[in-house]
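Notes to accompany the following structure.
The values are calculated or read from the model by the stated rules, or taken from the named source; none is laboratory data. Since we're looking at a predicted model, the values are computed, not measured. Because the Cβ atoms are built from the backbone with ideal geometry, glycine has one as well, and the counts that use them run over all protein chains shown.
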Amino acid sequence: MNKAFLNLDVKKGKINKNIYGHFAEHLGRCVYKGIWVGEDSDIPNTRGIRNDVVEALKNIDIPVLRWPGGCFASEYHWKDGIGPREDRPKVINTLWGGVVENNHFGTHEFFDLCDQLETEPYICGNVASGTVQEMQQWVEYMTFDGKSPMADWRKENGREEPWDLTYFGIGNENWGWGGFMRPEYYADLYRRYQTFARDYGDNKLYKIAGGANIDDYNWTEVLMREAKDFMSGLSLHYYVHPGGWENKKKATGYEEDEWFETMQKTLYMNELIERHTTIMDKYDPEKKVALIVDEWGGWYQVEEGTNPGFLYQQNTIRDALIAGVTFNIFHDHCDRVQMANIAQTVNVLQAMILTDEEQMILTPTYHVFEMNKVHQDATLLALDLECEDYEYGEEKIPAVSITASRDAEGNVNITLCNLNPNKDIKVDINLIAAELNLSNVSGRVLTADTIDAHNTFENPEVVKPAEFTNAKLTDCGVEAVLPSKSVVLLTLS
Ligand code: AHR
């Protein structure tokens, strides 16, 4: 019934490791408390940055980290965040909880974080409330290797060498809190701002234009028509909200109706990418401009008793399925999707890590990122799937999602997701190859007993990967029985 045909000889492209990127905003307890605790904290830290969080994130090989927002980027004035910390102005984070932003985590601290994580920085500039000159000076401050007012100022602040900076966003959600602009207006502003985001010396910026919200295809049309020659990437934001934006449901304690809706909405990412890509193909058939999904993930009600502006939510086996299925979709579109950044890294929305003072736990989503490391920069292989449906009421969706890639050592890694929370599913994977030299299958699985299983500070290991023993080699390939609600990684070597 469930059959996959995996052609080991047909390469479909390279899976850019940057689709495993992250996003850390000055929002709630993501940056402050989640990442930055300050040098005087009792929580072990390196120059103010939490050691436990860095260590955990290093283990999932974060390729790129987007900062400082999000909406926060549209109110961020970078000069507030440099120089002696005690002199930095305290401002109000109006969008996220109205709390005081003391600017202790600024440009130098962000690059230090990236160095500690061995990740590439992706900085989002302020088009909404910042000036062209402000943006130009930020790029000069960060990347100019010579004598200039901004480079000299950087040196006075303790950083002699310029930093390497590739990814630079020209604004965030300019159709929304980034200025409520029309696409025609933003396209012109984009052209103007990007002109002054200069390449200094050998530093080459990869400029990313603020793209569409969900299915705003007209936004993509206008941006591609008016500004494609000035950008390397165009973004897309899409969040999964069971219940809808106005009536978000809880992160835990849900029943199957919300599970099903979540899976349906997760699969919708495929249609969004296809339709935005069709428009991009019209203007850019050579696929020079990448689609950058720089905000994605599940978004629910905040945890009871927490600040509504902090977007703190739990993370369950359902979130693991969101991640697993979404990555399979990104892989399928690896010719156009060159980066993605889950929202957000710590304590906000679909986080990898939750902290409570000095405590830290890893979420089911974290474990999917860890299991999927094998696909980073691997070669996508051709795969067809015939599978049963997962039916709920009158509706149905495919019950299985699958992807396969070959890594540099020649191993074939296959990720399978079983979206059905009630049923184990057997899948036969037929291997097609001129020469089959794979003789071993091993596996790992992430699953749980209940549909809202999650890790807590009291029970941090309820959902964690285990060895998978339900796969075996057959005459024509490999056969696996996927537990209900699971993400399974098979490695053929
Ligand atoms: O990730 C939370 C918020 O969602 C971001 O600040 C914004 O860009 C988006 O609307």
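Would you say D449 is out of contact with any Ser or Thr (no Cβ under 8 Å at 6 or more places or on another chain), at pLDDT 95 or above and either over 30 Å from K14 (Cβ atoms) or not in a strand (DSSP E or B) (or both)? The answer is yes for D449. Restricting the range 372-419 to residues that are among the hydroxyl-bearing types (S, T, Y) and under 22 Å from the mean Cα position of the chain (by Cα) leaves a set whose member that is farthest from V445 (Cα to Cα) is T379.
Of the residues that sit in the range 145-175 and are in contact (Cβ under 8 Å) with a residue 24 or more places away in the chain, surrounded by fewer than 20 Cβ atoms within 10 Å (Cβ to Cβ) and charged (D, E, K, R), which one is nearest to the ligand (Cβ to nearest atom)? The qualifying residue nearest to the ligand (Cβ to nearest atom) is D164.
Among A408, A382, A434, which is the only one that is among the small types (G, A, S), free of Cβ contacts under 8 Å to residues at least 40 places away in the same chain and surrounded by fewer than 23 Cβ atoms within 10 Å (Cβ to Cβ)? None of the other options fit; the residue is A408. Of all residues in the range 289-300, those that are within 11 Å of the ligand (Cβ to nearest atom) have Cβ atoms under 8 Å from Cβ atoms of residues that are among the acidic types (D, E), 6 or more apart or on another chain, in G297/D319. Can T131 be described as under 23 Å from the mean Cα position of the chain (by Cα), of a type in the set (S, T, N, Q) and either surrounded by fewer than 16 Cβ atoms within 10 Å (Cβ to Cβ) or closer than 25 Å to G210 by Cα (or both)? For T131, the condition - under 23 Å from the mean Cα position of the chain (by Cα), of a type in the set (S, T, N, Q) and either surrounded by fewer than 16 Cβ atoms within 10 Å (Cβ to Cβ) or closer than 25 Å to G210 by Cα (or both) - is not met.
Within the range 35-49, residues that are on the phi > 0 side of the Ramachandran plot and in a loop (DSSP other than H, G, I, E, B) have Cβ atoms under 8 Å from residues that are at pLDDT 95 or above and aromatic (F, W, Y) in these pairs: G48/W36; G48/F105, counting only partners at least 6 apart in sequence or on another chain.
Here M1 meets the list (1) modelled with pLDDT of 95 or more; (2) loosely packed, with under 15 Cβ neighbours inside 10 Å; (3) not hydroxyl-bearing (S, T, Y) almost entirely, failing just condition (1). Restricting to the range 176-210, and then to whatever is outside any strand (DSSP E or B) and within 16 Å of the ligand (Cβ to nearest atom), can you tell me which residue is nearest to F230 (Cα to Cα)? The residue in question is Y186. If you check R182, R198, R225, R192 for being without any contact (Cβ under 8 Å) to a residue 12 or more places away in the chain, basic (K, R) and surrounded by fewer than 19 Cβ atoms within 10 Å (Cβ to Cβ), only one passes: R182.
Looking at this structure, is A340 part of a strand (DSSP E or B) and buried (at least 24 other Cβ atoms within 10 Å of the Cβ)? Yes, satisfied.
Per-residue answers, yes or no, for (1) buried (at least 19 other Cβ atoms within 10 Å of the Cβ); (2) without any contact (Cβ under 8 Å) to a residue 12 or more places away in the chain; (3) more than 17 Å from E25 (Cα to Cα):
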position	(1), (2), (3)
R66	yes, no, no
C71	yes, no, no
R88	no, no, yes
V91	no, no, no
W96	yes, no, no
L117	yes, no, no
I123	yes, no, no
N126	yes, no, no
W138	yes, no, yes
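Checking each residue in the range 73-86 for being surrounded by fewer than 17 Cβ atoms within 10 Å (Cβ to Cβ) and either assigned to a loop (DSSP other than H, G, I, E, B) or at pLDDT below 95 (or both) picks out H77, G83, P84. Kindly evaluate D52 against the criterion of being part of a helix (DSSP H, G or I) and at pLDDT 95 or above. So D52 fits the description; yes. The listed residues are K58, K79, and the only one of them that is over 21 Å from Q133 (Cβ atoms), of a type in the set (D, E, K, R) and more than 16 Å from the ligand (Cβ to nearest atom) turns out to be K58. Would you be able to say whether some residue in the range 439-453 is within 23 Å of the chain's Cα centre (by Cα) and surrounded by fewer than 16 Cβ atoms within 10 Å (Cβ to Cβ)? No.
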